[in-house]
């Protein structure tokens, strides 16, 4: 079986940023972000226009929702090995600053590090510790499972 570091690197790529579990019927949007088909379509039911849950780019699913078979296969393998995002305890890091993600920006609905919080882009926004956001938004209660929704 793979080492923890090796397992962490490939499994975080197969976790849906909405349900925070391994992909089920993964699709890719035009912007390049991946989601479970059911997760992204449920997300769109709550919006006026269909936008990516990560970057907010408008998308047109009726012609551009493409299935990603390779991700589906990897997610299935992870399930067979009985891996779980909780067991891996991934420390999620900001891609820009390499700092641990600790905050949820309620204004942008994104995870942030402390450096991002202080940036001009987020001035005047309200923030919650990830653990509190998990409770409020009724996500799975393990902050290490939250997939990085970055700026």
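Throughout, read-outs are computed from the coordinates displayed, never taken from laboratory work. Because the structure is a prediction, the values reported are computed rather than measured. Cβ placement follows ideal geometry from the backbone for every residue including glycine, while neighbour counts extend to all protein chains displayed.
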In what sequence do 46, 109 fall when counting other Cβ within 10 Å, fewest first?
-> 46, 109
Using r as the Cβ-Cβ distance of residue 117 and residue 95, and R0 as 22 Å, what FRET efficiency do you calculate, to the nearest 0.05?
-> 0.90
Label residue 30 and residue 81 with points 7 Å out from Cα along Cα→Cβ: what is the distance between them in nm?
-> 3.6
